[in-house]
Amino acid sequence: MEIKFGNHTIGLNHPTYFIADIAANHDGDMDRAKQLIRLAKEAGADAAKFQNFDAPKKSVFEVYKGASIPFDWSMTLVEECNEVGIDYFSSPYDFEAIDFLDQYVEVYKAGSGEIDWIEALERMASKGKPFFVATGASTIGEVQKAVHAILKINKQLVLMQ
């Protein structure tokens with residue numbers, strides 16, 4: 001099976017697709033985030049990945065606040081990624097972020113910590129875009145349950161380790 005988006009094809013007979021996981025390494029600084037995008041491109045990455053969620057809704061507010069990018073940074077970071085020639089990703093960690101990101105991403109990416117939040121996986125899958133799901137912190141049972149739920153809605157699934 002092959003999955004196509006933008007100028008990329010993901011599949012056995014295609015080059016590896018590298019995602020630079022910038023996440024919270026921007027330290028809350030837009031210029032640093034843009035520099036990390038440029039460095040990711042120089043290092044050979046195909047995409048730069050951030051994360052979005054509404055920190056005040058989380059119980060560990062300060063940790064999440066530092067890790068998330070503000071929603072209003074999204075267009076600027078997309079433009080920076082486009083300028084250097086890599087894809088923009090962001091992992092959404094709440095329903096508001098899932099819906100907000102739809103206008104900015106060609107692919108959804110769920111973190112392994114969300115593998116058992118089936119409602120969020122289904123919501124991302126329902127957007128009809130390729131869907132990358134990290135499985136690193138998951139049990140095989142959690143992965144099986146998630147895959148079953150996602151494939152009912154969207155066949156464009158990539159499991160990541």
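The values are calculated or read from the model by the stated rules, or taken from the named source; none is laboratory data. Please read all numbers here as calculations on a predicted model, not as lab measurements. We place every Cβ from the backbone using ideal geometry, glycine too, and count neighbours over all the protein chains shown. Only protein heavy atoms, including side chains, enter the accessible area calculation; ligands, DNA and RNA are left aside. Shrake-Rupley method; radii C 1.70, N 1.55, O 1.52, S 1.80 Å.
Listing for the model above:
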| quantity | calculated |
| --- | --- |
| Nearest-0.05 FRET efficiency for His14 and Gln35, computed from C-beta distance (R0 22 Å) | 0.15 |
| Cα-Cα over 18 Å, subset of Lys34/Lys129; Lys4/Lys34; Lys49/Lys109; Lys49/Lys145 | Lys34/Lys129; Lys4/Lys34; Lys49/Lys145 |
| Relative intensity, log₁₀ I(q)/I(0), of region 79-131 from a Debye sum that treats every alpha carbon as a point, q = 0.16, 0.25, 0.27, 0.29 Å⁻¹ | -0.45, -0.95, -1.07, -1.19 |
| Solvent-accessible area, 1.4 Å probe, carbon plus sulfur percent, for the chain | 50 |
| Where Leu39, Leu101 fall by accessible area, highest first, once all protein chains stay in place (1.4 Å) | Leu39, Leu101 |
| Prolate/oblate/rounded call for region 87-161, Cα gyration tensor, a/c under 1.5 rounded | prolate |
| Solvent-accessible area of Phe100 with every protein chain in place, 1.4 Å probe, in Å² to the nearest 10 | 50 |
| Value of D in µm² per second that Stokes-Einstein yields for the chain, Kirkwood Rh from Cα pairs, at 4 °C (1.567 mPa s) | 81 |
| Inter-centroid distance (Cα atoms) of region 69-128 relative to region 141-161, Å | 17 |
| 222 nm mean residue ellipticity, helices alone, for the chain (DSSP H n ≥ 4; -39,500 (n - 2.57); rounded to 500) | -10500 deg cm²/dmol |
| Probe 1.4 Å - accessible area at Thr9, Å² to nearest ten | 40 |
